[in-house]
Amino acid sequence: MGALFDKLNNDVRFVEGINGCINCGTCTAICPAAEVYDYEPRSIVNMVQTRDDSIIEGLLKSDTIWYCGECMSCKTRCPRNNAPGLVVQALRGLSIEKGYFIESEKGRQQLSLKRMLGNSILETGYCVHFDHTELSMFPELGPVWQWVRDNREKVLAKVGANYKGDGPGAMRNIAKENLDELEKIFEVTGGIDWFDKIENNSAQKAEEMNLDIGEKTSKSSTYFRHVYTYNTPNKHNRK
Amino acid sequence: MKKEGKKKIWSEYQKEIADDKFYFVRSCIRQTFFPGSDTAYLKILRDVLGKDVYEDPNHTTCTGIAYHTEVVPFSTIQTVVARNFALMRENGYENYTPSCVTSFGIYSEILDTWHHFPEEKQRTRDYLRKATGREFEEPANLVHTSDVIYKFRNEIAAKAKYRLVNKETGEPLKVVDHIGCHYSKMFPSKGVGGAEYPQVLAGLVETFGGEVIDYPERRHCCGFGFRQYFVQANRGYSISASKKKFASMEPYKPDLIITNCPGCNYFMDRWQYALEEMEGKTYGANGEGIPVLSYEEVAGIVLGFDPWKMGLQMHQTDIEPLLKKIGVEYNPDDKYKGPNGEDLGLPKGLKFIKD
């Protein structure tokens with residue numbers, strides 16, 4: 001057994017997710033990702049079961065582990081009670097821990113996710129916040145959403161929300177003492193180190209790619225825009 | 001099979017749902033995109049059913065979306081969840097009711113982890129104490145808010161003003177139920193009816209007089225996929241999954257899609273709009289979309305709530321065709337007005353609205 005396999009075994013999700021795969025392929029048949037990407041959850045479990053560190057390192061540096069949508073449909077159907085989705089979560093965690101995520105196009109997307117979702121948690125108390133739902137980032141929100149945004153105070157008041165207000169309610173302001181507690185939890189549990197790892201490794205890759213990573217809150221830097229929008233043609237699609 | 005045998009099997013797919021004194025926590029997506037549905041839920045529970053529902057302004061996200069995009073590590077989400085549990089007990093409640101299906105899956109996963117790996121629970125206790133000085137206990141009862149509406153479906157139906165029946169024909173409306181993956185695919189025993197025969201929405205629809213459609217892709221994911229939506233480069237994954245479902249349900253001519261997950265509601269609603277823009281294709285009757293509503297929005301409609309105070313005008317796919325089929329008395333002119341009747345103009349470029 002190699003060091004990487006040992007690391008995976010320290011993740012309880014990995015322990016829960018793999019109980020001896022029989023290669024039946026049920027997970028692949030049910031997988032929404034396998035319909036659109038060049039992807040088979042069965043192969044991932046197969047590769048991990050080799051316990052071969054060179055194979056596992058290849059996975060950690062590949063696009064493959066980032067194709068899963070974590071819907072966990074695989075867990076329901078597996079006749080051996082495996083959960084390839086949990087195995088993928090453990091692999092992704094290790095890929096970030098080792099800094100390997102920047103070696104793949106889909107892994108590099110991590111910077112955009114950290115800046116959109118991670119920053120929002122510490123700033124607003126929620127992963128998603130009304131103020132961050134610009135149509136330029138999410139055009140499928142459509143014209144009704146633009147109308148809501150243009151008339152936010154009135155529309156949100158009409159439907160009973162408490163937009164940026166004190167006390168309970170939808171979209172309420174989260175008091176500073178609560179945000180401070182969240183940030184402290186992130187510090188104590190390694191969440192802040194996780195953010196830094198994503199930022200620092202991405203900065204190194206941006207330099208290699210001759211792109212600007214911008215401030216840690218930037219969603220307009222050339223590196224952010226690249227990882228957020230770009231696919232190498234015909235690289236990821238199911239063949 | 002004898003009826004007794006069927007009953008025995010079915011009993012294994014039931015779960016305990018508390019009767020009162022609920023600690024309510026918000027969803028990132030529902031409170032942002034469908035805030036009126038939260039309003040409807042609280043009105044149904046408090047005003048119609050007379051239940052005690054407490055919302056603590058100090059609770060926060062569970063960080064589930066960030067966890068499922070690998071932005072937040074497992075140790076961090078466990079501790080944020082433990083903080084929310086601590087707040088519940090500090091306020092004197094023990095029945096935890098998240099509005100979000102991703103959250104419900106997160107809470108279920110973490111409770112299961114703590115059961116199998118007590119050292120994770122102990123480490124979480126230590127982290128929470130160090131970070132906040134708080135102590136936590138697990139909830140006595142953890143259910144999704146759709147479970148609560150399901151539990152009280154007969155009481156709601158008894159007070160209903162309308163039924164899910166076509167006013168013109170007298171026929172039951174045909175309804176597609178879409179269950180969020182993380183409601184019962186991870187832990188089937190945690191969902192009413194399990195993963196194979198979830199009843200949490202179907203039971204509601206039938207109680208309100210509608211007919212549930214069984215179609216080939218009924219259990220397929222809506223396509224959220226977390227990073228597969230949030231990163232623009234990946235959205236082909238997301239819209240493809242929804243399109244597969246729309247194409248599969250289209251021959252059955254559904255009048256309504258009902259969901260229990262805020263994310264699913266968002267995608268089934270918005271991807272219909274995007275597919276119309278991209279391909280000129282609509283999946284409802286007469287070139288319209290198929291209205292997509294949550295369980296509490298449907299309950300609110302049958303109870304006769306004002307659709308615009310429930311925020312149904314915030315859906316991109318127009319829901320008025322459904323209101324007309326049911327025969328709901330409502331004021332169409334108030335749809336795009338402010339809280340005091342102010343004219344806010346119309347959304348520009350609407351296609352699902354017929355002249």
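Flag: residue B:266 does not match the condition of being farther than 30 Å from residue B:143 by Cα, of a type outside the set (D, E, K, R), within 11 Å of chain A (Cβ to nearest Cβ) and in contact (Cβ under 8 Å) with a residue 60 or more places away in the chain. Looking only at residues in the stretch B:90-116 that are among the aromatic types (Phe, Trp, Tyr) and free of Cβ contacts under 8 Å to residues at least 60 places away in the same chain, the one that is farthest from the other protein chains (Cβ to nearest Cβ) is B:107. When we screen B:297, B:250, B:288 for residues that are of a type in the set (D, E, K, R), surrounded by 24 or more Cβ atoms within 10 Å (Cβ to Cβ) and either out of contact with any Lys or Arg (no Cβ under 7 Å at 6 or more places or on another chain) or facing chain A (nearest Cβ under 9 Å) (or both), the only hit is B:297. Looking across B:38, B:56, one residue alone is at the interface with chain A (Cβ under 8 Å from one of its Cβ atoms), acidic (Asp, Glu), in a helix (DSSP H, G or I) and out of contact with any Gly (no Cβ under 6 Å at 6 or more places or on another chain). It is B:38.
Residues in the stretch A:115-131 that are buried (at least 24 other Cβ atoms within 10 Å of the Cβ), in a helix (DSSP H, G or I) and within 7 Å of chain B (Cβ to nearest Cβ): A:117, A:118, A:121. The residues of the stretch A:19-34 that are surrounded by 16 or more Cβ atoms within 10 Å (Cβ to Cβ) and either within 14 Å of chain B (Cβ to nearest Cβ) or of a type in the set (Phe, Trp, Tyr) (or both), listed by number, are A:26, A:27, A:30, A:31, A:32, A:33, A:34. The set of residues in the stretch B:172-193 being in a loop (DSSP other than H, G, I, E, B), at pLDDT below 95 and crowded, with 23+ Cβ neighbours inside 10 Å consists of B:185, B:186, B:191, B:192. Tell me which residues, restricted to the stretch B:303-355, are at the interface with chain A (Cβ under 7 Å from one of its Cβ atoms), buried (at least 16 other Cβ atoms within 10 Å of the Cβ) and basic (Lys, Arg). Correct list: B:309 only.
Note on the stretch B:220-238: residues that are in contact (Cβ under 8 Å) with a residue 24 or more places away in the chain and either of a type in the set (Ser, Thr, Tyr) or within 8 Å of another protein chain (Cβ to nearest Cβ) (or both) total 9. Any residue that is on the phi < 0 side of the Ramachandran plot, aromatic (Phe, Trp, Tyr) and in contact (Cβ under 8 Å) with a residue 24 or more places away in the chain - is there at least one of those in the stretch B:333-342? No - not one qualifying residue is present in the stretch B:333-342. Taking (1) closer than 25 Å to residue B:52 by Cβ; (2) out of contact with any His (no Cβ under 6 Å at 6 or more places or on another chain); (3) touching a residue at least 12 places away in the same chain (Cβ under 8 Å) in turn, residue B:87 satisfies each apart from (2). Being without any contact (Cβ under 8 Å) to a residue 40 or more places away in the chain and assigned to a loop (DSSP other than H, G, I, E, B) holds for only one residue in B:119, B:135, B:196, and it is B:196. When residue A:87 is tested against (1) crowded, with 24+ Cβ neighbours inside 10 Å; (2) aliphatic (A, V, I, L, M); (3) within 18 Å of residue B:238 (Cα to Cα), only condition (3) is not met. Screening the stretch A:64-109 for residues that are within 11 Å of chain B (Cβ to nearest Cβ) and among the aromatic types (Phe, Trp, Tyr) and picking the one that is farthest from residue B:219 (Cα to Cα) gives A:101.
From the list A:80, A:51, the one residue that fits, being part of a loop (DSSP other than H, G, I, E, B), touching a helix residue (DSSP H, G or I) at 6+ places or on another chain (Cβ under 6 Å) and surrounded by fewer than 22 Cβ atoms within 10 Å (Cβ to Cβ), is A:51. Of the set (1) within 11 Å of chain A (Cβ to nearest Cβ); (2) among the basic types (Lys, Arg); (3) within 26 Å of residue A:177 (Cβ to Cβ), all apply to residue B:43 but (3).
On the given criteria, is residue B:255 among the charged types (D, E, K, R), in contact (Cβ under 8 Å) with a residue 24 or more places away in the chain and surrounded by 21 or more Cβ atoms within 10 Å (Cβ to Cβ)? Answer is yes for this residue.
Counting only residues that are in a helix (DSSP H, G or I), among the small types (Gly, Ala, Ser) and within 7 Å of chain B (Cβ to nearest Cβ), which one in the stretch A:154-209 is farthest from the chain's Cα centre (by Cα)? Only one residue tops the list, namely A:157.
The values are calculated or read from the model by the stated rules, or taken from the named source; none is laboratory data. This structure is a prediction, so every number in the text was calculated from the model and none was measured. Neighbour counts run over all protein chains shown; Cβ positions are idealised from the backbone, glycine included.
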